[in-house]
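Presented below is the structure to which this report refers.
The values are calculated or read from the model by the stated rules, or taken from the named source; none is laboratory data. Predicted model only: the values in this text are computed from it and were never measured. Glycine also receives a Cβ, built like all others from the backbone with ideal geometry; neighbour counts cover every protein chain displayed. Ligands, DNA and RNA are excluded from the accessible area calculation, which covers all protein heavy atoms including side chains. Shrake-Rupley method; radii C 1.70, N 1.55, O 1.52, S 1.80 Å.
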Amino acid sequence: RAIGCVVVKFRSFAYLAIYLLLERSTTDNSNVRTTIWLCTVLMPSSKKYLNNPAKVAPLCIKSGSEEEIAAVVQEICTDIIQPPYKISQLSGGLSNQLYVVNDSVLVRVHAESGDSSNGDDSCTSRFHLVDRELESRVLAFLAQEGIAPIMYGRFQNGRLEEFLRGAEPLKCTEMAKYGALIAAELGGMHVLTLPDDIVLPSMIDRVEVWFDYILRQGDKNDPIFADLDVRGSLQNEFQWLKGLLQPPNEKSACSSALLPDQHDVSDRAITFSREVVFTHMDCQSLNILKLKPITTEDVKTDQFQTTGCRGLQLIDFEYASSNARAADIANTFCEHCDMNNLKADYKNEYPTDDDQNVFLKAYVQKVDPALALELEKENGQSWKDFVQVMRYEVGKHTLLSHLAWAIWSIVQHFVSPIEFDFKQYASQRLEGYRYFKDRFC
């Protein structure tokens, strides 16, 4: 009995330690790794699923009932949270249906799974916008690196993740205010080297697959084909854009710090902008969380005094892919516009030159400090020249953002069970495509 009491007390202490580490895990990579290690050692029932993309619980959430959700949580997180379960649904997701359990666990149900309107009662999707196996490997890797929330485990049509209590998503109107912090988070992802088992497509590769689905499987009588001229101008614009954004060859797609013979600032800025890196590609306001302060020391920091948060956390990495760094930055700049509410004002909401300069300078300082130091020479003129060229390169890549998400939205129009006007969203993104083509091309 004495031994049993010791074990119980030890486990209780360990659970407390895990709770405290989870609270701080999003700002300290070592805490993330320690938390995952403690969970693995002390939670045998959850151990097999924790951060393990290869293990999938044989369960499915079809209707979103509390019974289905509870069954998945009990299987995967039985050592992390205990019943009774308080379950609430989150709004705003366009790729997943989201639920929170006991303010601790996020349940993510992939929205494209199943199609009850066609009598499909399975967890197998007709069409996947993303490769869920690859996505799970990416998320597990990023969780280990302390960049993504912990992945508690997978089930047949979704997964469970760490829910960041008290964190709040940005508003699109706040993107400029937090520009330097967003740049640092994005840059931290761009400098990562992926493990050998993660080979990512480019965004253009993904759009090729999405476009092929629309042309082969979409309802040819649907008015969306004529209204958006899918087979005509949309297809032609995509082919033209692929030529415009042709990436540099592998020899030139290296860090500008490795190009001592390339003295022209403009050439270096172009090479730097088009270097292919590990990108997020969905860095919109709802996928950027403001983290609450945990201690009084957090409140005393200059960062909290300036921003009102102790840091930012990127989430939702399902569209992570290999692209020019300018493509990810362009997508982020596009998200300053109020597109999620279908009322974007591209002329007035796209970041100003000054806001772009703040972002780009913080970004370069994060990913290439040697280059940043070099650009500080000559009274800052090199910086001005460099970011001016980068702004233009990023501007051209806004076309990829708008066209890709327009085509994505057309696919969603056919396959998604989520109630949202995907046709109007696609139309809005094509409006953005035309506006920025006139501006940058």
Quiz item: Checking Arg429 against (1) closer than 18 Å to Arg231 by Cα; (2) open to solvent by 10 Å² or more (accessible area, probe 1.4 Å), which test does it fail?
Solution: (2)
Quiz item: Going through segment 330-342 one residue at a time, which ones are assigned to a loop (DSSP other than H, G, I, E, B), farther than 11 Å from Arg429 by Cβ and modelled with pLDDT of 95 or more?
Solution: Glu335, His336, Asp338
Exercise. Test Asp353 against the stated conditions and say whether it is under 18 Å from Phe436 (Cα atoms), in contact with a Lys or Arg (Cβ under 9 Å, 6 or more places away or on another chain), open to solvent by 20 Å² or more (accessible area, probe 1.4 Å) and of a type outside the set (A, V, I, L, M, F, W, C).
Key: yes
Quiz item: With Glu23, Glu75, Glu68 as the choices, which residue is modelled with pLDDT under 85, acidic (Asp, Glu) and in a helix (DSSP H, G or I)?
Solution: Glu23
Quiz item: Going by the structure shown, is Asp205 under 24 Å from the mean Cα position of the chain (by Cα), surrounded by fewer than 11 Cβ atoms within 10 Å (Cβ to Cβ) and touching a residue at least 40 places away in the same chain (Cβ under 8 Å)?
Solution: no
Exercise. Sort out which residues of segment 174-202 are surrounded by fewer than 19 Cβ atoms within 10 Å (Cβ to Cβ) and of a type in the set (Val, Ile, Thr), and write them in order of number.
Key: Val191, Thr193, Ile198, Val199
Exercise. Kindly indicate the residue of segment 390-407 that is crowded, with 24+ Cβ neighbours inside 10 Å and among the hydroxyl-bearing types (Ser, Thr, Tyr) and also farthest from Asp353 (Cα to Cα) among those meeting that condition.
Key: Ser401
Quiz item: Restricting attention to segment 216-244, which residues are part of a helix (DSSP H, G or I), closer than 16 Å to Val411 by Cα and either open to solvent by less than 50 Å² (accessible area, probe 1.4 Å) or of a type in the set (D, E, K, R) (or both)?
Solution: Arg216, Ile224, Phe225, Asp227, Val230, Arg231, Leu234, Phe238
Practice problem: Identify the residue in segment 78-98 that is of a type in the set (Gly, Ala, Ser), in contact (Cβ under 8 Å) with a residue 12 or more places away in the chain and in a loop (DSSP other than H, G, I, E, B) and, among all such residues, is nearest to Gln156 (Cα to Cα). | Solution: Ser95
Self-check item: Single condition Tyr346 does not satisfy, out of (1) surrounded by fewer than 24 Cβ atoms within 10 Å (Cβ to Cβ); (2) farther than 12 Å from Thr398 by Cα; (3) of a type outside the set (D, E, K, R)
Solution: (2)
Quiz prompt | In segment 277-297, residue nearest to Glu162 (Cα to Cα) [restricted to those that are at pLDDT below 95 and of a type in the set (Ser, Thr, Tyr)] | solution = Thr295
Quiz item: Looking at Lys366, is it open to solvent by 40 Å² or more (accessible area, probe 1.4 Å), at pLDDT 95 or above and assigned to a helix (DSSP H, G or I)?
Solution: yes
Quiz item: If you go through segment 126-162 one residue at a time, how many are over 14 Å from the mean Cα position of the chain (by Cα) and among the hydroxyl-bearing types (Ser, Thr, Tyr)?
Solution: 1
Quiz item: Using beta carbons and a limit of 6 Å, which pairs, at least six apart or on different chains, have the first residue in segment 417-441 and in contact (Cβ under 8 Å) with a residue 24 or more places away in the chain and the second one basic (Lys, Arg)?
Solution: Phe440/Lys396
Quiz item: In segment 343-363, what count of residues is obtained for those that are assigned to a loop (DSSP other than H, G, I, E, B), touching a helix residue (DSSP H, G or I) at 6+ places or on another chain (Cβ under 9 Å) and over 25 Å from Gly188 (Cβ atoms)?
Solution: 2
Quiz prompt | Residue in segment 383-406 that is in a helix (DSSP H, G or I), over 30 Å from Leu192 (Cα atoms) and out of contact with any Cys (no Cβ under 6 Å at 6 or more places or on another chain) present | solution = no
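Conditions (1) β-branched (Val, Ile, Thr); (2) under 16 Å from Thr271 (Cα atoms); (3) free of Cβ contacts under 8 Å to residues at least 24 places away in the same chain, marked per residue:
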| position | (1), (2), (3) |
| --- | --- |
| Glu335 | no, no, no |
| Asn340 | no, no, no |
| Asp345 | no, no, yes |
| Tyr363 | no, yes, no |
| Asp368 | no, yes, no |
| Leu371 | no, yes, no |
| Val389 | yes, yes, no |
Self-check item: Criterion violated by Gly153 - all others in (1) more than 23 Å from Lys366 (Cα to Cα); (2) out of contact with any Leu (no Cβ under 9 Å at 6 or more places or on another chain) satisfied
Solution: (2)
